[in-house]
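Notes follow the structure.
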Amino acid sequence: LKKGSLLLRNADELVTCSGYSAKRGTEMSDLAIIRDGAVLVEDGIIRAGGETEEIASAAAGTSFESIDAHGKAVLPGFVDAHTHFLFGGYREEEFYWRLSGESYLDILQRGGGILSTVRATRNSPKQKLLEAGKRRLDSMLSFGVTTVEGKSGYGLDRDTEIKQLEVMKELDRGHPVDIVRTYLGAHTVPEEYKGRTDAYVDFIIEEVLPLVSKTGLAEFCDVFCERAVFSIEQSRRVLTRAKECGLGIKMHADEIHDLGGAELAAELGAVSADHLLHTSDSGIRALAQAGTVAILLPCTAFSLKEKFARARSMIDSGIAVALSTDMNPGSCFCESIPLVTALSVMYMDMTAEEVVSAITINAAAALNRADTVGSIDAGKKADFVILEHPSYKYMPYHTGVNSVERVIKEGVVVYDRLKAISY
Ligand code: NIG
Ligand code: FE
């Protein structure tokens with residue numbers, strides 16, 4: 001895709017989130033804001049950021065396109081570091097079953113839930129997955145997301161898992177949003193292995209993990225560690241093998257029950273531990289000690305009507321917290337960054353500053369990409385969000401509503417809300 005050169009100037013707030021690694025604990029409060037800020041971009045890369053006066057004189061003599069951000073806040077493009085956005089079919093009935101009292105895990109136990117999406121994804125031709133995936137990426141882009149992580153896990157058999165990863169690879173080439181691929185074969189036990197979880201784990205370890213790593217189709221491996229899904233021991237086997245294959249590791253940990261998932265993620269040196277709704281004090285200590293990023297997913301807690309994760313204790317313990325959507329067809333059919341930010345300040349006691357760090361630099365760190373995205377620093381990709389408001393503080397405050405007016409990906413304006421309406 002094409003890369004642009006431009007001068008972005010006069011931003012009321014240039015919220016740089018400056019840094020090249022995860023921000024832990026109190027560091028999350030520092031957004032390194034520049035008033036009346038400007039950024040100079042050449043060929044899709046940030047050359048310099050600073051006050052408009054200084055940057056404009058550095059740009060004198062170039063014929064770069066100039067964008068006036070007067071009255072606006074400019075932030076790094078958002079990173080959605082935990083999603084399952086590529087799937088066949090939908091589960092709208094399940095949403096109402098859960099609201100009438102049936103539990104998420106009971107629905108899965110009787111062959112619904114994730115298994116119903118597995119059937120639909122296996123039967124879905126590549127072309128249909130591509131079309132649905134593109135529409136969902138367009139929606140995420142409109143919320144300011146310029147990098148997204150996407151998990152497999154709706155094929156479970158080798159060929160459908162490969163199909164999901166290949167479709168994401170193709171979408172990455174043709175869509176402005178960058179996609180980071182994660183193999184989640186250990187999402188649940190497929191029907192053909194029913195009652196033989198260990199045999200399915202053997203299959204993952206012997207057949208699929210070496211393949212997805214050798215072909216470069218996945219960069220991370222994730223496991224749904226949960227009661228009646230994959231135990232701590234089974235999760236350990238999958239993730240240990242993934243590490244041997246050179247993949248980074250992630251975990252769906254303590255989402256519905258505390259099995260000690262956070263402790264295992266810390267022990268294995270996972271890049272991130274995700275969900276953490278039921279994580280104990282010892283789990284929090286372990287993550288802080290290991291420097292594992294905690295990816296919290298408040299829209300999932302909201303949609304499952306579970307208690308929210310203990311973000312405050314985590315940050316106060318020195319953990320780097322990231323926030324993501326978890327967009328998927330079951331537990332959380334929601335790609336709304338506005339809802340993530342509102343729930344985080346209202347129900348997880350996070351400050352607006354911590355929320356911004358959590359959807360930018362910390363989310364980038366949770367994907368091993370803090371050196372290339374997640375902040376407005378020279379040398380990084382020129383991915384920016386321009387808000388319709390003068391400050392980042394309007395984001396959670398404009399509750400549940402999209403404050404994003406324009407999105408720039410590698411120096412090119414790829415979303416402009418002002419052009420989206422015509423009458
Ligand atoms: O993050 N819990 C496991 N995986 C997803 C949900 C997947 C689904 O329900 O389709 C989650 O909640
Ligand atoms: Fe998830």
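Pairs, please: C-beta under 7 Å, at least 6 apart or cross-chain, first residue in contact (Cβ under 8 Å) with a residue 60 or more places away in the chain and assigned to a loop (DSSP other than H, G, I, E, B) and in region 205-227, second acidic (D, E) and surrounded by 13 or more Cβ atoms within 10 Å (Cβ to Cβ)?
What qualifies is E226/E255.
Yes/no per residue for (1) in contact with a Pro (Cβ under 6 Å, 6 or more places away or on another chain); (2) charged (D, E, K, R):
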site	(1), (2)
R310	no, yes
S317	no, no
V321	no, no
S324	no, no
C332	no, no
E335	no, yes
A342	yes, no
V345	yes, no
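Just to check your reading of the model, which residue among L239, L209 is surrounded by 22 or more Cβ atoms within 10 Å (Cβ to Cβ) and within 15 Å of D157 (Cβ to Cβ)? First the steps, then the outcome.
On the way: L239 fails: within 15 Å of D157 (Cβ to Cβ).
Result of the check over L239, L209: L209.
Condition first: in contact with a strand residue (DSSP E or B) (Cβ under 8 Å, 6 or more places away or on another chain), in a loop (DSSP other than H, G, I, E, B) and away from ligand 2 (no atom under 16 Å from the Cβ). Can you find one or more residues in region 18-25 that meet it?
Kept after step one, since they are in contact with a strand residue (DSSP E or B) (Cβ under 8 Å, 6 or more places away or on another chain), are these residues of region 18-25: 22.
From what's left, in a loop (DSSP other than H, G, I, E, B): 22.
Remaining after also requiring away from ligand 2 (no atom under 16 Å from the Cβ): 22.
Yes, region 18-25 has at least one match.
Of all residues being surrounded by fewer than 19 Cβ atoms within 10 Å (Cβ to Cβ) and under 20 Å from V293 (Cβ atoms) in region 242-259, which is nearest to ligand 2 (Cβ to nearest atom)? Just the residue, please.
Step one: list which residues in region 242-259 are surrounded by fewer than 19 Cβ atoms within 10 Å (Cβ to Cβ), which gives 243-246, 257-258.
Remaining after also requiring under 20 Å from V293 (Cβ atoms): 243, 246, 258.
On the way: K243: 20, G246: 23, D258: 17 Å.
Within region 242-259, the match that is nearest to ligand 2 (Cβ to nearest atom) is D258.
Would you list the strands (runs of 3 or more DSSP E) that sit entirely within region 372-423 and hold 2 or more residues that are at pLDDT 95 or above and more than 21 Å from the chain's Cα centre (by Cα)?
Working: elements: 384-387, 404-409, 412-416.
Those strands (runs of 3 or more DSSP E) span 412-416.
Within region 334-368, can you find the residues that are away from ligand 2 (no atom under 16 Å from the Cβ), open to solvent by 20 Å² or more (accessible area, probe 1.4 Å) and assigned to a loop (DSSP other than H, G, I, E, B)?
D349, T351, N368
Report the residue count in region 45-63 for those that are assigned to a strand (DSSP E or B) and open to solvent by less than 60 Å² (accessible area, probe 1.4 Å).
Step one: of region 45-63, the residues assigned to a strand (DSSP E or B) are 45-51.
Filter again for open to solvent by less than 60 Å² (accessible area, probe 1.4 Å), leaving 45-46, 48-50.
So the count comes out to 5.
What pairs can you find where one residue is in region 325-337 and farther than 15 Å from H275 by Cα, the other is near ligand 2 (Cβ under 9 Å from one of its atoms) and assigned to a loop (DSSP other than H, G, I, E, B), and their Cβ atoms are less than 6 Å apart, with a gap of 6+ or different chains?
E335/M327
Residue by residue, here is whether (1) open to solvent by 30 Å² or more (accessible area, probe 1.4 Å); (2) over 18 Å from I408 (Cα atoms); (3) not acidic (D, E) holds:
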{"residue": "A132", "(1), (2), (3)": "no, yes, yes"}
{"residue": "D138", "(1), (2), (3)": "yes, no, no"}
{"residue": "T146", "(1), (2), (3)": "no, no, yes"}
{"residue": "E149", "(1), (2), (3)": "no, yes, no"}
{"residue": "R158", "(1), (2), (3)": "yes, yes, yes"}
{"residue": "Q164", "(1), (2), (3)": "no, yes, yes"}
{"residue": "H175", "(1), (2), (3)": "no, no, yes"}
{"residue": "Y183", "(1), (2), (3)": "no, yes, yes"}
{"residue": "A186", "(1), (2), (3)": "no, yes, yes"}
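Counting just the residues of region 182-203 that are within 16 Å of ligand 1 (Cβ to nearest atom) and not hydroxyl-bearing (S, T, Y), which one comes out nearest to A382 (Cα to Cα)?
The extreme case among them is L184.
Based on this model, can you work out whether T372 counts as open to solvent by 20 Å² or more (accessible area, probe 1.4 Å), among the polar types (S, T, N, Q) and either touching a residue at least 60 places away in the same chain (Cβ under 8 Å) or under 26 Å from T26 (Cα atoms) (or both)? Break it down stepwise before answering.
Numbers: open to solvent by 20 Å² or more (accessible area, probe 1.4 Å): yes; among the polar types (S, T, N, Q): yes; either touching a residue at least 60 places away in the same chain (Cβ under 8 Å) or under 26 Å from T26 (Cα atoms) (or both): yes.
So T372 fits the description; yes.
The values are calculated or read from the model by the stated rules, or taken from the named source; none is laboratory data. Source: prediction; values computed, not measured. Note: ideal-geometry Cβ built from the backbone for every residue, glycine included; neighbour counts use all protein chains shown. The protein model used for the area step is the full one, side chains on, heavy atoms only, and it has no ligands, DNA or RNA in it. Shrake-Rupley method; radii C 1.70, N 1.55, O 1.52, S 1.80 Å.
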